[in-house]
Amino acid sequence: MDKFIIHGGKNLRGTVSIGGAKNASLALMPATLLASGKYELANTPDLRDVFTMSKLLQSMGVTVERKDHTLHINTFRVNKFEAPYEHVKKMRASIYVLGPLVARYGKAKVSLPGGCAWGPRPVNLHLEALKKLGAKIELDRGYIIAKARRLKAARIVFNISSVGATGNTLMAAVLAKGTTRIENAAMEPEIINLAEMLVSMGAKIGGIGTTTIEIEGVDALHPAHISTIPDRIEAGTMLVAGALCNGKIRVENCEPAHLSALTARLDDAGMKLSVGSSFIELHAPKEILPVAVSTAPYPGFPTDMQAQWIALMAIAKGSSTVTDTIYFDRFKHIPELIRLGANIELNENTAAIKGVKKLIGAKVMSTDLRASAALILAGLRAEGETEVLRVYHLDRGYEAIEKKLQNLGADIKRVAGEEF
Ligand code: UD1
């Protein structure tokens, strides 16, 4: 298991380029199951989660080859319709194969995802929506068994905005008979990217990017080439790194419109920002102002930036609160940030943070992807040496994060291969 060793206190300077969005790739890749043939997915990040999804598709007979950042996928020979526990336990997004498999092949067997490091994450909305579309769903010893002759259109009203359930339902409904209407659909950019891929495959979808999506089912789709949108969470993480480390940085190859909730709060915290069509420049002030945030579905403040924001507020001049309304238990980073000298109290799903003058290096433990990012950011700011253990979580969602940070002037290195 790798670890990172960071010597904090370096000012960040320079330009960092953002890769393709993990959460978009994890939806685009299973969408290839919807029509036989050859696909090219450009700007696909080289991440452990993408590798896991590739392995899952390969286990079904799909060919997946990476050339630089383009995935070449061939779905001519799909011969298995199952997502076994080994894959799903590594990555919940494996559930994304359910909709396409039932829609195209009329059958799927997908392991139920377990809980996450930060709590239970149900899939009831995915299953209810598929049932509405006419699939027969049974749960058998930890597996979802879904069957359907041809799915039939339905009106689906989600009581919670869910990225995954919207994506799965969209992929199922494109081949259903009739016009499906999804209400309270997720508006995340990754869902728009997926919908646009489906349209380029011949799907008929209206209301893309709104909370009401209408899908007129077609009899068959065809393969397509698509480019993955930039990763707004990687971009946001780099901006917060700059904010914490007296940065003068330029984040390139991002989509600033996808980051507006974060940039508005960075502005409130005193950052000088200059926003272009595909870049954001950030110039950090001497003092960081405390700014309360509450996570919300897009276009609100992303839950995937909550941990990093807490790291930033840990050294703000004053007190702030951070509330997670999406995942109530997603706070495993707090005890670790406290090891670095932060003053944070957790009350249910709200962290009350009293800004401290300085953080001091310590040994801390990664528990999940975004918590790990927050610990790296805090370590970059802390005086002295910070060791972040179990950084394999980071490799799920950040490509070469240490190299990108090194290029900005951070003193961070990966120590590989030992058992810590
Ligand atoms: C996706 C993202 C994840 C992000 C999350 C919220 C991917 C691969 N992952 O996860 O990075 O943190 O959106 O922005 O895109 N819920 C239910 N029942 C369900 C499904 C969800 O109650 O069947 C609840 C969840 O517990 C959560 C809320 O709905 O409280 C939103 O979750 P959802 O948007 O579905 O998250 P994911 O798609 O799993």
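The values are calculated or read from the model by the stated rules, or taken from the named source; none is laboratory data. Note that this is a predicted model, so its numbers are computed, not measured. Neighbour counts are summed over all protein chains in view; Cβ atoms, including those assigned to glycine, are modelled from backbone coordinates with ideal geometry. Just so you know, the surface numbers come from the protein's heavy atoms only, side chains and all, with ligands and any DNA or RNA stripped out. Shrake-Rupley method; radii C 1.70, N 1.55, O 1.52, S 1.80 Å.
Filter the range 74-97 for residues that are away from the ligand (no atom under 16 Å from the Cβ), among the aromatic types (Phe, Trp, Tyr) and at pLDDT 95 or above; which is surrounded by the most Cβ atoms within 10 Å (Cβ to Cβ)? It would help to see each step written out before you state the result.
Our first condition is that a residue be away from the ligand (no atom under 16 Å from the Cβ); within the range 74-97, this holds for 74-82, 84-86.
Keeping just the survivors that are among the aromatic types (Phe, Trp, Tyr) gives 76, 81, 85.
When the remaining residues are screened for being at pLDDT 95 or above, the result is 76, 81.
Values: PHE76: 11, PHE81: 20.
Among those residues, the one meeting the criterion is PHE81.
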Identify, please: which residue in the range 347-370 is closer than 22 Å to LEU289 by Cα and open to solvent by less than 10 Å² (accessible area, probe 1.4 Å) and is, among those, farthest from the ligand (Cβ to nearest atom)?
-> LEU359
Please work out if ALA378 is out of contact with any Leu (no Cβ under 6 Å at 6 or more places or on another chain) and crowded, with 16+ Cβ neighbours inside 10 Å.
-> no
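Tell me which strands (runs of 3 or more DSSP E) are completely within the range 1-116 and hold 3 or more residues being farther than 20 Å from SER227 by Cβ, or say none if there are none. Don't jump to the end; show me each part of the working.
Values: elements: 3-7, 13-17, 38-42, 63-67, 70-74, 107-111.
Because the criterion is at least 3 residues that are farther than 20 Å from SER227 by Cβ, the strands (runs of 3 or more DSSP E) in the range 1-116 that meet it are 3-7, 13-17, 107-111.
Can you tell me which of THR295, THR325 is within 16 Å of the ligand (Cβ to nearest atom) and either open to solvent by less than 20 Å² (accessible area, probe 1.4 Å) or in contact with a Lys or Arg (Cβ under 8 Å, 6 or more places away or on another chain) (or both)?
Numbers: THR325 fails: either open to solvent by less than 20 Å² (accessible area, probe 1.4 Å) or in contact with a Lys or Arg (Cβ under 8 Å, 6 or more places away or on another chain) (or both).
Answer to the selection: THR295.
Is it the case that LEU289 is of a type in the set (A, V, I, L, M, F, W, C), open to solvent by 50 Å² or more (accessible area, probe 1.4 Å), under 28 Å from PRO230 (Cβ atoms) and more than 22 Å from the chain's Cα centre (by Cα)? So that I can check it myself, show each step before the final result.
Values: of a type in the set (A, V, I, L, M, F, W, C): yes; open to solvent by 50 Å² or more (accessible area, probe 1.4 Å): yes; under 28 Å from PRO230 (Cβ atoms): yes; more than 22 Å from the chain's Cα centre (by Cα): yes.
Answer is yes for this residue.
Considering only the range 1-57, state which residues are aromatic (Phe, Trp, Tyr) and closer than 16 Å to VAL97 by Cα.
Step one: list which residues in the range 1-57 are aromatic (Phe, Trp, Tyr), which gives 4, 39, 51.
Result: PHE51, single match.
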Residue count for the range 305-317, restricted to those that are over 22 Å from ASN11 (Cβ atoms) and surrounded by fewer than 23 Cβ atoms within 10 Å (Cβ to Cβ) = 0
Pairs where the first residue, in the range 141-165, is touching a residue at least 60 places away in the same chain (Cβ under 8 Å) and the second is within 12 Å of the ligand (Cβ to nearest atom) and among the charged types (D, E, K, R), C-beta under 7 Å, 6+ apart | VAL163/GLU188; VAL163/GLU190
Cβ pairs under 9 Å, 6+ apart, first in the range 345-362 and in a strand (DSSP E or B), second polar (S, T, N, Q) and surrounded by 20 or more Cβ atoms within 10 Å (Cβ to Cβ) | ALA351/GLN306; ALA351/SER320; ALA352/SER320; ILE353/SER320; LYS354/SER320; ILE360/THR386
Candidates THR228, THR169, THR211, THR180 - the one that is among the β-branched types (Val, Ile, Thr), over 30 Å from MET313 (Cα atoms) and surrounded by fewer than 23 Cβ atoms within 10 Å (Cβ to Cβ) = THR211
Qualifying residue in the range 62-72 (condition: touching a Leu at 6+ places or on another chain (Cβ under 8 Å), of a type in the set (Ser, Thr, Tyr) and buried (at least 19 other Cβ atoms within 10 Å of the Cβ)) | no
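Among the residues of the range 137-152, how many are more than 28 Å from the chain's Cα centre (by Cα) and either under 18 Å from ALA83 (Cβ atoms) or aliphatic (A, V, I, L, M) (or both)? Can you show your working first?
Filtering the range 137-152 for residues more than 28 Å from the chain's Cα centre (by Cα) gives 138, 140-141, 147-152.
Next, only the ones that are either under 18 Å from ALA83 (Cβ atoms) or aliphatic (A, V, I, L, M) (or both) stay: 138, 140-141, 147-148, 151.
The number of residues fulfilling the criteria is 6.
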Listed residues ALA186, ALA129; which is assigned to a loop (DSSP other than H, G, I, E, B), at pLDDT 95 or above, in contact with a Phe, Trp or Tyr (Cβ under 8 Å, 6 or more places away or on another chain) and not polar (S, T, N, Q)?
-> ALA186
Could you look through the range 329-344, keep only residues that are part of a loop (DSSP other than H, G, I, E, B) and not charged (D, E, K, R), and pick out the one that is nearest to THR386 (Cα to Cα)?
-> LEU340
